[in-house]
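Structure first, commentary second.
Any read-out appearing in this document is the output of simple, stated calculations on the displayed coordinates, not a laboratory observation. If you're wondering where the values come from, they're calculated on a predicted model, not measured in any experiment. Counting neighbours? That spans all protein chains shown, and the Cβs are built from the backbone with ideal geometry, glycine included.
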Amino acid sequence: MLRLLALAWLATVTAAAAQPVPNQVYPIGKAPRPPPGIVWQAEDESGRILPEDSLPPGGWYRLLRREADGTTTPLGGRFAIGLVVIVTGQSQASSLFATAPAAAGAFPATHGDPPAPPLAAMLPDEATGWTTAIAPLGARILLAELARHFGPGIPLGLVNAAWGNSSAAMLADPATPAGARLRRMAALPASAAIILAHGTTDALAGTPPASYAERLSAVVATLRTASPAMPVLLAPLPPLLGRTTLLGSGRLAMLLPGLARRQTLDPALARHAEAIRAAQTGLGLPSGGAMEAILPGLDGIHWTETGVRQAAREAAAALAATLRSAACTRAGGCL
């Protein structure tokens, strides 16, 4: 079933140039265009006809085919032109697109959190498609913070290319579910990508640092499949702590946190985590945010609600700085 869904989604991506996917956000300069031979026009929601040679950042837009009798018919769904960010990694990254379970750092946004920007959408998985219903806490905060940095007029899109418990080797291997998803999502044009807080699985497995760096370099190359010049940011492996338990039980620790005690982290694991962080630094990728102050919850790995908010803000600030710099370099003007 998953294979059929993936094939259907790939067919949709292939046809997207002629038929925009509903609610998809396209990077600036990468607007969908019908194939040659079709007479068409682009309009905004007020019906204003837009220039065909270069659609400006904004939305929501739609493409219309002009028929010989002067009538028009829609070509696909509404779309926007703005900034698109691919997010990859393992559970810390994939949980940004989910509302549960809390044990894996996935939480719903609450009434106290900022609303989703009006021109924002995310692609949490192939089955869901692009959606503007942004309920997950991590995605909500990341989009709201990006809108704060760039202003409400720049549409924003988030693409989930992460997979829980995925090592660098798994992400680099197209034969694994993690690697297959990465390749499918990397087929979409994007403005930037961020490898968010990766490295836990490799630290726990004792992956040699040189091997980790080699595989993560392959992940970077895959992320640039559709957008070779785009920046790829890396938010490093965050702190790992020992599990918090009560009588050896994490569940009891959740029920009676005042009586629970955190175990000491295995010194060998701590040393290997530092080796993985050193390997990440050696890749020379732009920073995706400082994660060293974001402490995990009871299991010693995954973030609390507070940690998710903090990580999303860190990632947004890093993305904003890098994207502004890239835009200034390419076009002589800044976003």
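Overview of values
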item: Span per principal axis, largest first, for the Cα atoms of the chain (Å); result: 78, 45, 43
item: Gained length - ALA321 relative to ALA175, 0.36 nm times residue gap less alpha-carbon distance; result: 49.1 nm
item: Value at 222 nm in deg cm²/dmol, rounded to 500, when DSSP H runs of n ≥ 4 in the chain each add -39,500 (n - 2.57); result: -11000 deg cm²/dmol
item: Pairwise FRET efficiency - GLU214 versus GLU274, Cβ, R0 = 22 Å, nearest 0.05; result: 0.70
item: Most mobile listed residue (THR132, THR225, THR264) in the chain, GNM with C-alpha springs under 10 Å; result: THR264
item: Cα centroid separation, the stretch 280-310 to the stretch 109-156 (Å); result: 20 Å
item: Calculated FRET value between ARG313 and VAL39, using beta carbons and R₀ = 51 Å, to 0.05; result: 0.65
item: Neighbour-count ranking [beta-carbon atoms within 10 angstrom, fewest first] of ILE134, ILE86; result: ILE134, ILE86
item: Part-to-part distance (alpha-carbon centres) for the stretch 172-239 and the stretch 46-65, which is given in Å; result: 34 Å
item: Cα→Cβ-extended label distance, 7 Å offset, between ALA221 and ALA205, nm; result: 1.9 nm
item: Packing rank of 186-192, 119-125, 61-67, where each peptide gets the mean count of other beta carbons within 10 Å, highest leading; result: 119-125, 186-192, 61-67
item: Model label zone, THR306; criterion: amide N under 18 Å from point 7 Å along Cα-to-beta-carbon; scope the stretch 93-112; result: 102-108, 110, 112
item: THR110/HIS149 FRET efficiency (R0 30 Å; Cβ-Cβ; nearest 0.05); result: 0.85
item: Net charge contributed by nearby residues that have their C-beta within less than 13 Å of PRO51 (K/R +1, D/E -1); result: -2
